[in-house]
């Protein structure tokens, strides 16, 4: 039995997807398929969608598949909603005409959103200042460094007025099902979920990442407490003594626990976390090397460069030079 159609506008809601080069196919498919299912299950054209590209040429996904555009970006003002779908390194995308067209669409009343790295593009266009949003966890360090006025949440998806952002991947499906439910009722939203064998709904507030104990493959609560503090304090690292105090053990005990569970010293693991963050910033932003160092808790540039080369086999400056 098909769900009854909730009252809605007479015409289908027109949603556009701006597919940037190397866009994530999973995010795109996860957003489009629920719209198709909603139409089928409701027995009416509740939604229609169009693909857009920056230059009018087919957009190439990260897996090599190309998608032909239906509209030019200059026609985006006629949409009801427009999502920017970006992956790879969205911080490298700096196309001012695209930013101007996105601003024009928003000014024309189009609800704009971002999927995966799409929030970075919206921020670059000046459309997320003072707005709550989310982005894929891989791009979080770069986004907060370049756009401190963005109210970032480390969640699956976020609605803030006429802005809708999601972390990408399967979170795009969660966001679209939520949007369908808000517009056409919970019954249709549940039917769409069931259509795709999704038997457990996820709210937007849920964390993007697997729990720390599962990621680290550690169950010891003392170690987990220290690890959580390390991840929170990368720019202003805590001393080993403070970490041990917060974990409720002596420094000697904490070192023994790290040696047993992490196969590293406390300082060694902490430094690796900070260097991993530095690598993301070097690859995803144009921040000067010294600013990257400071943002990752390194005061001396020489120490940062030596530690970076020891871990990754190349200097911070070389990280920005194509191999």
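The values are calculated or read from the model by the stated rules, or taken from the named source; none is laboratory data. Just so you know, these numbers come straight off a predicted model, no measurement behind them. Methodologically, a virtual Cβ is constructed for each residue, glycine included, from the backbone with ideal geometry; neighbour enumeration extends over all protein chains shown.
Can residue 29 be described as within 25 Å of residue 88 (Cβ to Cβ), out of contact with any strand residue (DSSP E or B) (no Cβ under 7 Å at 6 or more places or on another chain) and surrounded by fewer than 24 Cβ atoms within 10 Å (Cβ to Cβ)? Yes; evaluated as a whole, the condition is true for this residue. In this structure, residue 95 does not satisfy being under 21 Å from residue 158 (Cα atoms) and either buried (at least 16 other Cβ atoms within 10 Å of the Cβ) or assigned by TED's automatic domain parsing to the domain that holds residue 139 (or both). Scanning region 30-55 for residues that are touching a helix residue (DSSP H, G or I) at 6+ places or on another chain (Cβ under 8 Å) and over 23 Å from residue 11 (Cα atoms) gives 30, 53, 54. What about residue 266, is it within 23 Å of residue 141 (Cβ to Cβ) and not assigned by TED's automatic domain parsing to the domain that holds residue 117? It is true that residue 266 is within 23 Å of residue 141 (Cβ to Cβ) and not assigned by TED's automatic domain parsing to the domain that holds residue 117.
Consider region 228-250 and keep the residues that are assigned to a loop (DSSP other than H, G, I, E, B) and under 21 Å from the mean Cα position of the chain (by Cα). The one that is surrounded by the most Cβ atoms within 10 Å (Cβ to Cβ) is 234.
Of the listed requirements (1) at pLDDT 95 or above; (2) touching a strand residue (DSSP E or B) at 6+ places or on another chain (Cβ under 9 Å); (3) surrounded by 14 or more Cβ atoms within 10 Å (Cβ to Cβ), residue 66 misses just one: (3).
Output yes when any residue across region 204-227 is loosely packed, with under 13 Cβ neighbours inside 10 Å, modelled with pLDDT of 95 or more, in the same structural domain as residue 138 (by TED's automatic domain parsing) and part of a helix (DSSP H, G or I), and no when none is. No, every residue in region 204-227 fails to be loosely packed, with under 13 Cβ neighbours inside 10 Å, modelled with pLDDT of 95 or more, in the same structural domain as residue 138 (by TED's automatic domain parsing) and part of a helix (DSSP H, G or I). Considering (1) touching a residue at least 40 places away in the same chain (Cβ under 8 Å); (2) out of contact with any helix residue (DSSP H, G or I) (no Cβ under 9 Å at 6 or more places or on another chain), the lone condition that residue 287 does not fulfil carries the number (2). Here is the figure for region 23-45: residues that are within 28 Å of the chain's Cα centre (by Cα) and assigned to a loop (DSSP other than H, G, I, E, B) total 1.
Looking only at residues in region 292-310 that are touching a residue at least 40 places away in the same chain (Cβ under 8 Å) and assigned to a helix (DSSP H, G or I), the one that is surrounded by the most Cβ atoms within 10 Å (Cβ to Cβ) is 295.
Among the numbered conditions (1) farther than 29 Å from residue 280 by Cα; (2) crowded, with 16+ Cβ neighbours inside 10 Å, tell me where residue 74 comes up short. Looking at each condition in turn, residue 74 falls short on (2). Take residue 43 and tell me if it is surrounded by fewer than 18 Cβ atoms within 10 Å (Cβ to Cβ), over 15 Å from residue 110 (Cβ atoms), in the same structural domain as residue 164 (by TED's automatic domain parsing) and touching a residue at least 40 places away in the same chain (Cβ under 8 Å). The answer is yes for residue 43. Condition check for residue 218 on (1) in contact (Cβ under 8 Å) with a residue 40 or more places away in the chain; (2) closer than 28 Å to residue 294 by Cα: one failure, at (2). If I ask for residues that are touching a residue at least 60 places away in the same chain (Cβ under 8 Å) and within 21 Å of residue 88 (Cβ to Cβ), which ones from region 143-165 would you list? Of everything in region 143-165, those that are touching a residue at least 60 places away in the same chain (Cβ under 8 Å) and within 21 Å of residue 88 (Cβ to Cβ) turn out to be 145, 146.
Residues that are surrounded by fewer than 23 Cβ atoms within 10 Å (Cβ to Cβ) and within 14 Å of the chain's Cα centre (by Cα) within region 120-138 comprise 132, 137, 138, listed in sequence order. Residues of region 83-100 that are part of a helix (DSSP H, G or I), in contact (Cβ under 8 Å) with a residue 40 or more places away in the chain and in contact with a helix residue (DSSP H, G or I) (Cβ under 7 Å, 6 or more places away or on another chain): 90, 91, 98. Are any of the residues in region 164-177 farther than 30 Å from residue 295 by Cα, surrounded by fewer than 19 Cβ atoms within 10 Å (Cβ to Cβ) and modelled with pLDDT under 95? Looking for residues that are farther than 30 Å from residue 295 by Cα, surrounded by fewer than 19 Cβ atoms within 10 Å (Cβ to Cβ) and modelled with pLDDT under 95, one finds none in region 164-177, hence no.
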